Amino acid sequence: MKTMDVTERWENYRKANTNKPSARENELSKIFSLVNPQEGQRILEVGTGNGYLTFPLAEAVGNIGEVVTTDVNEGNINDAINKNKHKNLNVVPVLLSPAQGFLVEDKYKNYFDVVTTIATLHHFDNRLDKTGDSGRKNALKHFYQNLKPNGRLIIADVLHGTISQKYFDAIDSPEHCHPLGHPHDFFDENELRNTVTAVGFRNVQIETAYVPWKFTSIDEAKNFVHTIHNAKCSPEESLAVAEKYLGLKEVDGHYELGWQLFFLTAEK
């Protein structure tokens, strides 16, 4: 696999989300409300992406608060750094190695009021590397260490058995998601609850929510799914696969592709 292939993958991911900021507003507004950021809080965001959650969180905690955002992709981190030159918010972007993927520095133990991550937890395991669920379990243990006593964990991601999981399995090929497909597994609800509880978290609550992606036209939906996955098939084929598994319908003057995520809250 060429480094350029991975670079292009994440460039297109950022491009899709940045060019269509309203596409994922349902899932973003829901996780933001669950985090409920307060002025002065310290928040760890795992998975910077294009900063769609990073900067709203930073605006809410203000300059006396702090958002540390981590990613294993250098392009995502550099993008956050460049955006923050204009925003001047208290955002600390941290590039992590793919082999690590989480904060281990002593200064970040018992440090954060909230640890949050959206659509990232599943990336800690890879079917190609046969990691099973060990990467996700290890990540959750580190999130626990990063939190202050009584700190909160807020996770949104795909749950096994949902339309989102079936869609991801359908595009697990370089043609539909270049360069590696989407070789990631997902917890079912019992596995998720048991894993988070075993780490030490309490008051674990899990809700599976329908948070459809929104578009102004069918062409916009087509270009979004084709770009976000860096697909090498035609845009028409990208949309056809998405429509088959997610459904595409017109609602109140806009179009929606179905999407389901779990939203988990827990306390240390």
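The values are calculated or read from the model by the stated rules, or taken from the named source; none is laboratory data. All values derive from a computational prediction rather than experimental measurement. Cβ atoms come from the backbone with ideal geometry, glycine included; neighbour counts cover every protein chain shown.
Comparison of TYR13, TYR52 shows that the only residue that is within 16 Å of the chain's Cα centre (by Cα) and either among the small types (Gly, Ala, Ser) or over 20 Å from PHE263 (Cα atoms) (or both) is TYR13. With respect to ASP125, is the statement that it is among the acidic types (Asp, Glu), at pLDDT 95 or above, surrounded by 17 or more Cβ atoms within 10 Å (Cβ to Cβ) and more than 30 Å from GLN38 (Cβ to Cβ) true? In short, yes. Considering only the stretch 173-209, how many residues are within 20 Å of the chain's Cα centre (by Cα) and touching a residue at least 40 places away in the same chain (Cβ under 8 Å)? Counting residues in the stretch 173-209 that are within 20 Å of the chain's Cα centre (by Cα) and touching a residue at least 40 places away in the same chain (Cβ under 8 Å) gives 22.
When residues in the stretch 67-86 are screened for being in contact (Cβ under 8 Å) with a residue 40 or more places away in the chain, part of a helix (DSSP H, G or I) and surrounded by 20 or more Cβ atoms within 10 Å (Cβ to Cβ), 2 of them pass. Annotation: of all residues in the stretch 194-219 being part of a loop (DSSP other than H, G, I, E, B) and touching a helix residue (DSSP H, G or I) at 6+ places or on another chain (Cβ under 8 Å), the one that is farthest from LEU34 (Cα to Cα) is GLY200.
Just for the stretch 16-49: of the residues that are of a type in the set (S, T, N, Q) and outside any loop (DSSP other than H, G, I, E, B), which one is farthest from the chain's Cα centre (by Cα)?
Residues of the stretch 16-49 that are of a type in the set (S, T, N, Q), as a first pass: 17-19, 22, 26, 29, 33, 36, 38, 41, 48.
Pick out the ones that are also outside any loop (DSSP other than H, G, I, E, B) and you get 17-19, 26, 29, 33.
Working: ASN17: 12, THR18: 14, ASN19: 17, ASN26: 13, SER29: 13, SER33: 16 Å.
Within the stretch 16-49, the match that is farthest from the chain's Cα centre (by Cα) is ASN19.
Among the residues of the stretch 175-193, those that are assigned to a loop (DSSP other than H, G, I, E, B), among the hydrophobic types (A, V, I, L, M, F, W, C) and within 17 Å of SER134 (Cβ to Cβ) comprise PHE186, PHE187.
Is there a residue in the stretch 256-264 that is surrounded by fewer than 16 Cβ atoms within 10 Å (Cβ to Cβ), among the aliphatic types (A, V, I, L, M) and at pLDDT 95 or above? So that I can check it myself, show each step before the final result.
As a first pass, look at the stretch 256-264 and keep what is surrounded by fewer than 16 Cβ atoms within 10 Å (Cβ to Cβ): none.
The answer is no, given that none of the residues of the stretch 256-264 is surrounded by fewer than 16 Cβ atoms within 10 Å (Cβ to Cβ), among the aliphatic types (A, V, I, L, M) and at pLDDT 95 or above.
When GLY47, GLY40 are checked against the criterion of being under 20 Å from GLU8 (Cα atoms), touching a helix residue (DSSP H, G or I) at 6+ places or on another chain (Cβ under 8 Å) and not charged (D, E, K, R), a single residue qualifies: GLY47.
Within the stretch 147-168, does at least one residue satisfy the condition of being part of a strand (DSSP E or B), polar (S, T, N, Q) and more than 26 Å from GLU8 (Cβ to Cβ)? Yes, some residue in the stretch 147-168 is part of a strand (DSSP E or B), polar (S, T, N, Q) and more than 26 Å from GLU8 (Cβ to Cβ).
Yes or no, residue by residue, for (1) touching a His at 6+ places or on another chain (Cβ under 9 Å); (2) over 29 Å from LYS137 (Cβ atoms):
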site: GLU27; (1), (2): no, no
site: LEU44; (1), (2): no, no
site: ASN78; (1), (2): no, yes
site: PHE102; (1), (2): yes, no
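Within the stretch 87-107, residues that are at positive phi reach partners that are assigned to a loop (DSSP other than H, G, I, E, B) and of a type outside the set (Ser, Thr, Tyr) with beta carbons closer than 9 Å, at six or more positions or on different chains, in the pairs ASN88/ASN63; GLY101/VAL72. Taking the criterion of being among the hydrophobic types (A, V, I, L, M, F, W, C), crowded, with 18+ Cβ neighbours inside 10 Å and part of a loop (DSSP other than H, G, I, E, B), the only residue of the stretch 50-66 that qualifies is LEU53. When LYS222 is tested against (1) in a helix (DSSP H, G or I); (2) surrounded by 16 or more Cβ atoms within 10 Å (Cβ to Cβ); (3) out of contact with any helix residue (DSSP H, G or I) (no Cβ under 7 Å at 6 or more places or on another chain); (4) of a type outside the set (Gly, Ala, Ser), exactly one condition is not met: (3).
Taking the conditions exactly as written (crowded, with 21+ Cβ neighbours inside 10 Å, in contact (Cβ under 8 Å) with a residue 40 or more places away in the chain, of a type in the set (D, E, K, R) and touching a Phe, Trp or Tyr at 6+ places or on another chain (Cβ under 7 Å)), does ARG136 satisfy them or not? Criteria met by ARG136.
Can you spot a residue in the stretch 246-268 that is acidic (Asp, Glu) and part of a helix (DSSP H, G or I)? Step through it out loud before you land on a result.
Going residue by residue through the stretch 246-268, those that are acidic (Asp, Glu) are 250, 252, 256, 267.
Checking the rest, the ones that are also part of a helix (DSSP H, G or I) come to none.
No, because not a single residue in the stretch 246-268 is acidic (Asp, Glu) and part of a helix (DSSP H, G or I).
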